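Q: Mind looking over this structure? Questions follow.
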Amino acid sequence: MQDREDSLVGSRIVKLDRLREKGIDPYPPRYRRTSDTAAAVAEFEAWEKAGSQDEEASPAPEHALAGRIVSMRVMGRAAFLDIRDGSGAVQVMFRQNVLGDGYELLKDLDLGDFIGVGGQMLRTRTGEVTIEARDVTVLAKGMRPLPEKYHGLRDVEIRYRQRYLDLIADPEVMEAFAQRSRVINSIRRYLDGRGFLEVDTPILVPVAAGAHARPFDTHHNALNQRLYLRIATELYLKRLIVGGFDRVYEIGRVFRNEGIDQDHNPEFTLLESYEAYADYNDVMTMVEGMISTAALDARGTMSIPYGEEIIDFAPPWPRLQLKDELYRRSGVDIDEYPGDEALVRKMLQLGIDVGVRESRGRLIDKLVSTFVEPNLVQPTFLLDYPEDMSPLAKAKPGSPGYVERFEAFAAGMEIANSYTELNDPAVQRERFEAQESIRERYQDEEVDRLDEDFLTALEYGMPPTGGLGVGIDRLVMLLTGQASIRDVLLFPQMRSRREDQGEAESGEADALQ
RNA sequence: GGGCCGUUAGCUCAGCUGGCAGAGCACCGGACUUUUAAUCCGGGUGUCGUGGGUUCGAUCCCCACACGGCCCA
């Protein structure tokens, strides 16, 4: 921090010193306010409405309010400040004849400081509900200037790196995160109301299984063991179904060591739920109910504008067969291309950039995400996926090569993924082994990993179960109209600036020399 | 990983063909006892992202790097 007296910070240091010279603690331990600003304003307006003309019998309410100074209009021997707290803002009036020597404090106040103000509420000539300060207490001196009040904070890098400034500068940002909280709350209430038990499963795991993703790895010193950050909660939640819980869910952070873009952050929030004696049809009904309710709770309506579209989450949502829809959109009947080479040739014909060697599951995934997903604007279920891309899902009776799995889409984005869970331990072992052999054949490809302890659990018997995964951040994007995942994460992952990077990193570099 | 764009005062942004670094808000000094982006008078507070290069001279041209954004893979 610069300490030159002519700098913006420097002038605040001068004021801080002056406060201390006057015997004022610029960071006192507490301040007892009588109300927040919104409640005080509401109370005053109610008092006005009651309309007592007799100020003696019914004087205007008195309060001690506190907040951050967000604007100041100083006019000689009177001044108007706006202070803001978490509930809202209120105007404060300072007058020299009321405050006496206390009025001098104004000279040492800056935008950004927190103050407490005691006095009577009134309405000014221009109609603003105001507290007239009879006493003023400095609660916390701000040492840096705030972003400009009119244009706000436009620099997205600062908005993400210093989110607190973004929150100070833009009330809509605060509202978006309040909506996020309401979405998650609503989902919790929905599941709790249906008898689901919320649980916590390990984040540090010996095997990063349950999804196709690259994990972060770490090391536990005392155990001298390699550990991973979980990429999914699936296999632990299923162990709990084996253990006898009928309905469990977890809303937790998972970690995938992959790229960062508009809808990927290396850590994100995943909801997974498992319900014994249910199948993917039951889960579909639940997803419609849960997400439409979340829309209603967060936004007050099930019709949510997103980009150019209005997305209507009211159930029921159309249910389309993946195979049929893919054929309709691309002209490719995947069953006519049982061999991967024929499928690759067909895809190249269609102008899809197919890598040197890609597994069948991945090829089909590319077809679907190219031809089908972008067209699923209104909430839609896509049903019955090829087994190749779904190692944890149970086969669909009468449809060899397909499993009972659905994904839900809205605005072209995946918002849910669900299976009738595979509970045959021998088949599950074969599926894991098939995944491992894909890893060997197609080197760069991420596949699911074999979790021996999970197979042991399955061998004890898991009832028929319907499972669900929902990417909460993307759902919140949809429900709050945000185009980037960074706008629904308070602190999105950012690359450290070089000078900020930790000692460990440079230490390692030194050690290599 | 590739392409394009951005980085100038605390914030939001100008800065022409290479010639003394600019505005608004914020800030500092002064006036002002009912203001609402208060107003009026005076003041520019800067590592032009970083490091090289070209040039008499670089915010500007060239190269590399850093960080960010968008598009593509």
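Please treat every number below as a calculation from the coordinates, not as lab data. Remember, it's a predicted structure, so these values are computed and weren't measured experimentally. Virtual Cβ from ideal backbone geometry, glycine too; neighbours counted across all protein chains shown.
Q: Show which aspartates and glutamates lie in cross-link reach of A:Lys141 when reach means a straight Cα distance below 14 angstrom and same-chain residues fewer than eight apart are skipped.
A: Within the straight-line cut-off, A:Lys141 pairs with A:Asp17, A:Asp25, A:Asp108, A:Asp110, A:Asp113.
Q: OK, next. Hey, got the dipole for segment A:1-89? About the Cα centre, +1 on K and R Cβ, -1 on D and E Cβ, debye to the nearest 20? Display every interim value, and only then the final one.
A: Values: 14 positive and 16 negative charges, 107 e Å.
So the magnitude is around 520 debye.
Q: Please list, by residue number, everything in segment A:455-499 whose backbone N is under 16 Å from a paramagnetic label point 7 Å out along Cα→Cβ of A:Glu308.
A: No residue qualifies, since no backbone N sits under 16 Å from the label point.
Q: Report the gain in length on full extension from A:Ile24 to A:His151: 0.36 nm times residue separation, minus Cα-Cα distance, nm rounded to one decimal.
A: Details: separation 127, 0.36 × 127 = 45.72 nm, distance 3.40 nm.
Roughly 42.3 nm would be gained on extension.
Q: Here is a further query. How high is the relative contact order of segment A:276-428, in percent, counting Cα pairs under 8 Å that sit 6 or more residues apart?
A: Numbers: 228 pairs, mean separation 33.9, N = 153.
Across segment A:276-428, relative contact order equals 22 percent.
Q: Related question: Which entries of A:Lys238/A:Lys396; A:Lys22/A:Lys149; A:Lys366/A:Lys396; A:Lys49/A:Lys149 have Cα-Cα distances beyond 24 Å here?
A: Numbers: A:Lys238/A:Lys396 20 Å; A:Lys22/A:Lys149 30 Å; A:Lys366/A:Lys396 22 Å; A:Lys49/A:Lys149 33 Å.
With Cα atoms farther than 24 Å apart: A:Lys22/A:Lys149; A:Lys49/A:Lys149.
Q: Relative contact order for chain A: what is it in percent, counting Cα pairs under 8 Å that are at least 6 residues apart? Each step should come with its number before you reach the end.
A: Details: 927 pairs, mean separation 61.8, N = 513.
Reported relative contact order: 12 percent.
Q: Given the DSSP H assignment, sum -39500 (n - 2.57) over each helix run of at least 4 residues in chain A and divide by its residue total; what's the result at 222 nm in deg cm²/dmol, nearest 500? Could you put the intermediate results ahead of the total?
A: Numbers: 15 runs with 168 residues, N = 513.
Value at 222 nm, helices only: -10000 deg cm²/dmol.
Q: Evaluate the distance, in nm, between pseudo-label points positioned 7 Å from the Cα of A:Trp47 and of A:Gln321 along their respective Cα→Cβ axes.
A: 7.1 nm
Q: Could you please report the charge total around A:Ala38, scoring K, R as +1 and D, E as -1 over all other residues with beta-carbon less than 13 angstrom from its beta-carbon?
A: Numbers: positive: A:Arg33, A:Arg84; negative: A:Asp36, A:Glu43, A:Glu45, A:Asp85.
Within the 13 Å Cβ shell, the charges total -2.
Q: What net charge is computed for the residues neighbouring A:Ser71, neighbours being all others with C-beta under 11 Å from the C-beta of A:Ser71, Lys and Arg scored +1, Asp and Glu -1? List each step's numbers first, then the result.
A: Details: positive: A:Arg68, A:Arg73, A:Arg84, A:Lys149; negative: A:Asp82.
The answer is +3.
Q: Which listed residue (A:Leu343, A:Val254, A:Gly289) has the Cα farthest towards the positive end of the charge dipole for segment A:243-369, taking +1 on Lys and Arg C-beta and -1 on Asp and Glu C-beta about the Cα centre?
A: A:Leu343
Q: Mind giving me the nanometre distance, one decimal, between the label points for A:Gln162 and A:Ala342, set 7 Å out from Cα along Cα→Cβ?
A: 6.2 nm
Q: Please say if segment A:247-341 is rounded, prolate or oblate, where rounded means a/c under 1.5 for a ≥ b ≥ c the square roots of the C-alpha gyration tensor eigenvalues, and otherwise the choice is prolate for a/b larger than b/c and oblate otherwise?
A: rounded
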